[in-house]
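Participant: Shown below is the structure under consideration.
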Amino acid sequence: MVGDYVLQMAQDVKDEAERHWTSINNYNRNLDVVGRDEKKIVIDCHVESIMFTRGRLEAVIKDIMKESNAIAELLKELREEKRRSTEYEQKCEEDLYNLMKEAKKLEEKIEELNEIRIIWSDFDRVLVGKI
């Protein structure tokens with residue numbers, strides 16, 4: 001969920017930047033500034049600054065998108081690992097339950113053997129007494 005939020009946020013930033021970049025790219029640098037070259041030079045400098053900033057923003061957004069994708073991938077891996085660990089935990093609980101059932105059966109057999117041993121020892125005493 002967090003990964004999806006991060007990806008959406010990065011996509012929103014990218015979309016917003018692209019909306020601005022479109023207008024910047026369509027800017028005509030050859031404005032007819034009715035004889036005012038200084039203003040034209042200032043405007044061109046601003047456009048150059050904007051284009052430079054755009055390039056830096058583009059690089060930063062690409063880095064953010066890469067990080068967002070990496071985070072999203074990590075979150076997918078964590079979800080998968082959590083699912084596997086839950087399955088393993090359930091299997092271990094089932095194995096433990098089966099082992100406890102087996103132990104109970106063995107205890108019952110031990111009790112039966114003890115009863116047989118007591119009966120046998122009583123029978124053995126009777127036989128020894130007759131001899």
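No value in this document is a laboratory result; all are computed from the given coordinates. Keep in mind that this is a model prediction, so the values were computed, not measured. Heads up, the Cβs are rebuilt from the backbone with ideal geometry, glycines too, and the neighbour counts pull from every protein chain shown.
Participant: By the scheme Lys and Arg +1, Asp and Glu -1, what is the net charge of all other residues having a beta-carbon under 11 Å from that of residue 74?
Facilitator: Working: positive: 76, 79; negative: 67, 73, 77, 80, 81.
Result for the neighbourhood of residue 74: -3.
Participant: Place the peptides 47-58, 83-94 in order of packing, highest mean first, counting for every residue the other Cβ atoms within 10 Å and averaging per peptide.
Facilitator: Working: 47-58: 12.4, 83-94: 10.0.
Final packing ranking: 47-58, 83-94.
Participant: Pull out the extension gain between residue 100 and residue 87, defined as 0.36 nm times the separation in residues minus the alpha carbon to alpha carbon distance; nm, one decimal.
Facilitator: 2.7 nm
Participant: Provide the net charge surrounding residue 118, with neighbours chosen by a C-beta distance below 14 Å and charges set as Lys +1, Arg +1, Asp -1, Glu -1.
Facilitator: Around residue 118, the surrounding residues sum to -3.
Participant: Compute the distance in nm between two label points, each set 7 Å from the Cα along the Cα-to-Cβ direction, one at residue 66 and one at residue 119.
Facilitator: Rounded to a tenth, the inter-label distance reads 8.0 nm.
Participant: If you take every residue apart from residue 90 with its C-beta less than 12 Å away from the C-beta of residue 90, what net charge results, scoring Lys and Arg +1 and Asp and Glu -1?
Facilitator: Details: positive: 83, 84, 91; negative: 87, 89, 93, 94, 95.
Combined, the nearby Lys, Arg, Asp and Glu give -2.
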